[in-house]
Amino acid sequence: DDQKPLVGIIEVDDAYWGGEAHASTPGRGSPNKTPFIAALSCNEDNHPIGLRLGKVKGFRKGEVERFAKRHFDPDAIVFSDGLSCFKGIASAGFEHHAVVTGGGYRSMQIPELQWLNTVLGNVKNSLHGSYHHASGKHLPRYLGE
C-alpha cells in the first residue's frame, strides 16, 4: 500500500535502527545506526489507520520534504517533535505543527505523538525478536514486513 498516501492527522518522528558498537561514537553520531522516518496516520476518532517507515540518508530538511511529498495526502495535518529537519514538512506544502518535546521518557507521553511512539516501539521489538541481525543495508525490506 505504498502507493496510497497517509491521510487525516499524521504523527511523524525520527528513529534509528541499530546500536552502538564497542569503541564507536554513541548517540546520533554513531556510524552503525541507520536513520529512518516513521509516520502514522489516524482517523477522526484518533485510531491508527496507516503507517510508513522509510530509510533516509540523514535527518535533513530535504530528506523530510521528499518523504512528505511521496507519502502524505495534500490535505493531511502533520504533527512532529521540534527537530529542525521537520520544517521540510511545511516546505513541502503541508499543514505542520511542531510539538517541542524536550526528550526523555516524558516526551513519549505527549498525546499528539503517543500512537506513533507506541507503534514504533512495537515495530522495533518485533524486529529484534524476529531477526538475529537486521542490517541497515536491508532495513527497508525489514520495515516493509
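The values are calculated or read from the model by the stated rules, or taken from the named source; none is laboratory data. Being a predicted model, the structure only gives us computed values, none of them experimental. Every residue, glycine among them, receives a Cβ derived from its backbone with ideal geometry; neighbour counts consider all protein chains shown. The area values use the complete protein model at the heavy-atom level, side chains included, leaving out ligands, DNA and RNA. Shrake-Rupley method; radii C 1.70, N 1.55, O 1.52, S 1.80 Å.
Could you tally the net charge around Ser130, taking each other residue with its Cβ under 14 Å from the Cβ of Ser130, Lys/Arg +1 and Asp/Glu -1?
So the surrounding residues net to +1.
Round to the nearest 10 and report in Å² the accessible area of Trp17, as given by a 1.4 Å probe over the protein chains' heavy atoms.
Only protein atoms counted, so the area is about 20 Å².
Heavy-atom accessible area per residue, the range 34-145, 1.4 Å probe: how many Å²?
Averaged over the residues of the range 34-145, the accessible area is 58 Å².
If you take the beta carbon distance between Leu83 and Val119 as r and set R0 to 25 Å, what does 1/(1 + (r/R0)^6) give as a FRET efficiency, to the nearest 0.05?
That gives a FRET efficiency of 0.85.
Can you give the extra length, in nm with one decimal, that the chain gains between Asn46 and Glu145 once fully stretched, where that is 0.36 nm per residue apart less the Cα-Cα distance?
Residue separation times 0.36 nm, minus the Cα-Cα distance, leaves 33.2 nm.
So how exposed is Thr101, as accessible area in Å² (1.4 Å probe, rounded to 10)?
Its heavy atoms expose roughly 40 Å² to the probe.
Would you mind putting 54-66, 123-135 in packing order, based on average other-beta-carbon counts within 10 Å, highest first?
The most tightly packed comes first, giving 54-66, 123-135.
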